[in-house]
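These notes are about the structure you will find just below.
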Amino acid sequence: MSMNERHPVFRFAPSPNGLLHLGHAYSALLNQKMAREKTGRVLLRIEDIDRTRCRPELEEFIYRDLVWLGFRWDGTVRRQSEHLADYASALQRLTDQGLIYPAFLTRSEVKQRVSAWEASGRIWPRDPDGAPHYPEDDRERSEAERRQLLALGKRHALRLDMAKAVRKLSGGLNWRETGESDTGIVEADPLEWGDVILSRSDAPSSYHLSVVVDDAAQGVTHVVRGLDLFKATAVHRLLQHLLDLPEPIYHHHRLILGPDGRKLSKSEQSTGLESLREAGQSPADIRRLLGLA
Ligand code: GLU
């Protein structure tokens, strides 16, 4: 029996950038159900690294809605904003491996570059979320030029040189998936993400970097989350490899869709847990609605 099977640790990791909706409820309750089935623990993590989008006051509403729902977490809550030193040291390890470069182009400069290219009928590569890959300019800058721009105080993000990072792999990269769509060993293709951001001038770590650092720090063995993060797992597996972190088992669950058939958004009122509660729905109703009764 492996370590993962003996001490299963699950986690629910919402971001306080809106109120919880049915999609969150499904994820939280599924984590709890799977943890109970394996007599494991389920942790709660507040993913508040992006200060531009997260609102600290929403955290209280997250606890309130989760308690109402009947989601009980083990141990203390881990708040990402309290662990910036952990992300900085992971970033330093990647920098020491020569895999990080400062990226100076602004979002609108990237946009202009992409539109000009596409206006001439060519296709610019995009990541699985539809965002254009970062242009090559900065990756190809000389060290002297880079130092000069940094000395001038030019704002920049830090990006992973994806092609170089992938070259560090000795064999292929994959993960163990137990989700509903793709069960078994899944081949990871991090190259389709291009040079992902690992830190920005206004957010000291990215989602990708903090999630792998946290999952390892919290001893998470089972990552149960929405299918919208299925493809991002390729980046997470790569970072785990580069940072020597253990590999969790992944389970990507179906997304709860709104009445219009689209993914739920945090601004949508009708499927918010608070609105459902105010409309007289009970936690048992929610469970039934989600097929988790
Ligand atoms: N914080 C992410 C979200 O709210 C979830 C991240 C994860 O489960 O890996 O969508």
Rounded to whole Hz and in sequence order, give me ³J(HN,Hα) for the stretch 187-192 from the Karplus expression 6.51 cos²θ - 1.76 cosθ + 1.60, θ = phi - 60°, writing x for Gly and Pro.
6, 9, 10, x, 4, 5
If I model a spin label at Ser181 and Trp68 as a point 7 Å from the Cα along the Cα→Cβ vector, what separation in nanometres do I get?
3.0
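Which whole number in µm²/s is D for the stretch 196-252 by Stokes-Einstein, with the Kirkwood Rh taken over Cα pairs at 4 °C and 1.567 mPa s? Can you show the working numbers first?
On the way: Rh = 11.7 Å.
In µm²/s, the coefficient rounds to 111.
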Tilt relative to the chain, helix 107-119 - C-alpha long axis, 0 to 90 degrees, to 10:
80
On the principal axes of its Cα set, how long, how wide and how thick is the stretch 163-217? Give whole Å, largest value first.
38, 26, 21
About the Cα centre, and with charges only on the beta carbon of Lys, Arg (+1) and Asp, Glu (-1), how big is the dipole of the chain? Nearest 20 debye, please.
180
Given charges at Cβ of Lys, Arg, Asp, Glu: the chain dipole, positive-most of Leu29, Leu69, Tyr101
Leu69
Could you give the angle, 0 to 90 degrees to the nearest 10, between helix 207-217's Cα long axis and the longest principal axis of the Cα atoms of the chain?
60
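How big is the shadow of the Cα convex hull of the chain, averaged over all directions, in nm²? Walk me through the intermediate numbers first.
Details: hull surface 69.6 nm².
Reported value for the Cα convex hull: 17.4 nm².
So what's the stretch 32-178 giving for Rg/Rh, alpha carbon basis, Kirkwood Rh from the mean inverse pair distance?
Working: Rg = 20.8 Å, Rh = 19.7 Å.
Ratio of gyration radius to Kirkwood radius: 1.06.
For the stretch 14-102, what is the convex hull volume of the alpha-carbon atoms per residue, in Å³? Don't jump to the answer; show the numbers that get you there.
Details: hull volume 12.1 nm³, N = 89.
Enclosed volume per residue, from the Cα hull, is 136 Å³.
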For the stretch 101-257, just the Cα set please: Rg and Dmax, both in angstrom.
17.2, 51
Treat the stretch 64-145 as a sphere of radius equal to its Kirkwood radius over Cα pairs and apply Stokes-Einstein at 20 °C in a medium of 1.002 mPa s; give the translational diffusion coefficient in µm²/s, rounded to a whole number.
125
Which ³J(HN,Hα) values, rounded to whole Hz and listed in residue order, are derived for the stretch 81-89 from phi using the Karplus coefficients 6.51, -1.76 and 1.60 in 6.51 cos²θ - 1.76 cosθ + 1.60 with θ = phi - 60°, glycine and proline given as x?
4, 8, 10, 4, 5, 5, 5, 5, 6
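Whenever you get a sec, compute what percent of the accessible area on the chain sits on carbon and sulfur atoms (1.4 Å probe).
After summing per-atom areas, the C and S share lands at 51 percent.
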In Å², rounded to a whole number, the accessible area per residue of the chain with probe 1.4 Å is 50
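What's the magnitude of the charge dipole for the stretch 1-127 around its Cα centre, counting Lys and Arg as +1 and Asp and Glu as -1 at the beta-carbon? Answer in Debye, nearest 20.
On the way: 20 positive and 16 negative charges, 53 e Å.
It works out to roughly 260 debye.
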Calculated SAXS-style log₁₀ I(q)/I(0) at q = 0.14, 0.22, 0.23, 0.29 Å⁻¹ - the stretch 224-293, Debye, Cα scatterers:
-0.62, -1.00, -1.05, -1.32
Give the cross-link partners of Lys231 among the lysines, using a straight C-alpha distance below 27 Å as the criterion and excluding same-chain residues fewer than 8 apart.
Lys33, Lys38, Lys111, Lys164, Lys168, Lys263, Lys266
Pop a pseudo-label 7 angstrom from the Cα along the beta-carbon direction at both Arg122 and Asp244 and give the gap in nm to one decimal.
4.2
Go ahead and run the numbers for FRET between Asp137 and Lys164, Cβ-Cβ distance against an R0 of 22 Å, rounding to 0.05.
0.85
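Taking the Cα centre of the stretch 88-183 as the origin, how large is its charge dipole in debye, to the nearest 20, when only Lys and Arg (+1) and Asp and Glu (-1) carry charge on their Cβ atoms? Walk me through the numbers on the way to the answer.
Numbers: 17 positive and 15 negative charges, 75 e Å.
Charge dipole of the stretch 88-183: 360 debye, to the nearest 20.
The values are calculated or read from the model by the stated rules, or taken from the named source; none is laboratory data. These numbers come from a predicted model, not from an experiment. Heads up, the Cβs are rebuilt from the backbone with ideal geometry, glycines too, and the neighbour counts pull from every protein chain shown. For the accessible areas, the whole protein counts, side chains as well, though only heavy atoms, and no ligand, DNA or RNA atoms are used. Shrake-Rupley method; radii C 1.70, N 1.55, O 1.52, S 1.80 Å.
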